[in-house]
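Let me begin by presenting the structure, written as structure tokens, before commenting on it.
The values are calculated or read from the model by the stated rules, or taken from the named source; none is laboratory data. These figures come from a predicted structure and were not determined experimentally. Positions of Cβ are backbone-derived with ideal geometry, glycine not excepted, and every protein chain shown enters the neighbour counts. Heavy atoms of the whole protein, side chains included, go into the accessibility calculation; ligands, DNA and RNA do not. Shrake-Rupley method; radii C 1.70, N 1.55, O 1.52, S 1.80 Å.
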Amino acid sequence: DTRRDMKLYAAFGASLLYTRGPVPETGAAWASALEIAERLAEAEYRLRALWGLWTCQHYIGAYRTALALAQRFSDLAATGADPADLLIADRMMGSSLHYLGDQSAARSHLERMLDRYVAPAHRSHRVRFVYDQQVIARGVFAQILWLQGWVDQAIRAAQHAVEEARAADHPPSLCWALLEGACPIALYIGDLAALERSVTMALEHATRHALSMWHAYARCIHALLLVKRGDVN
């Protein structure tokens, strides 16, 4: 039936995101889920599909389109019963604004999210939105702190994201924390030993759990490490 199709499209979009990344088929699956969810006035799957489409646009660098999707998510979350959804909207808005260069506004959104967010008891946010939202927020926050000149705080925030992901025992979130948080900060400060530790851990987890997108990303970071060491053969 139609409601089943909506759920299958959402599950398919999430699976493709883990394994193939933001390829056209991933966006198409989320778009189909959203179309059905809007037709059925199904708020929960509208949120999930908007998050999925936002993620695809974010990954391909379409940050203004992603920001518009984050705003739609925020508007819908404001009408819902779960206040944590508005904080996830803050995370999405903050990430988009960060990549658009508005670090002050991005930091405001992420600080609010990190100060107020309480993970659901049954970790449903990982089911609904694929990753541990607090871990991702902290990784982006680390990069913002670095850009604003708060080097020591940026290092601590990146380390905290990795520690949270490891404690949560959630490999996709750990890959995110390592490759989007710890690795960039290690690269910025020129700590190649720390960069090697983080990228090696990411490669191991991506391989063990068949996270193809993160494995490809980790190989790129590893190649960058080799360039920095002068090993270009």
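Per-residue answers, yes or no, for (1) farther than 21 Å from Ala161 by Cα; (2) part of a helix (DSSP H, G or I); (3) open to solvent by less than 50 Å² (accessible area, probe 1.4 Å):
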| residue | (1), (2), (3) |
| --- | --- |
| Arg197 | no, yes, no |
| Leu203 | no, yes, yes |
| Thr207 | no, yes, no |
| Ala210 | yes, no, no |
| Ala218 | no, yes, yes |
| Ile221 | no, yes, yes |
| Val227 | yes, yes, no |
| Gly230 | yes, no, no |
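Each row is one residue, and each column tells you yes or no for (1) acidic (Asp, Glu); (2) touching a Leu at 6+ places or on another chain (Cβ under 8 Å); (3) farther than 25 Å from Ala210 by Cα; (4) without any contact (Cβ under 8 Å) to a residue 40 or more places away in the chain.
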position	(1), (2), (3), (4)
Lys7	no, no, no, yes
Arg20	no, no, no, no
Thr26	no, yes, no, yes
Ala77	no, yes, yes, yes
Leu97	no, yes, yes, yes
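Picking from residues in the stretch 1-50 that are closer than 21 Å to Ala77 by Cβ and among the charged types (D, E, K, R), the one that is most open to solvent (accessible area, probe 1.4 Å) is Arg39.
Of all residues in the stretch 137-169 being among the small types (Gly, Ala, Ser) and free of Cβ contacts under 8 Å to residues at least 24 places away in the same chain, which is surrounded by the fewest Cβ atoms within 10 Å (Cβ to Cβ)?
Here the answer is Gly149.
Would you confirm, using the coordinates I've provided, whether Ala81 is over 20 Å from Trp176 (Cα atoms), aliphatic (A, V, I, L, M) and either touching a strand residue (DSSP E or B) at 6+ places or on another chain (Cβ under 6 Å) or modelled with pLDDT under 95 (or both)? Answer is yes for this residue.
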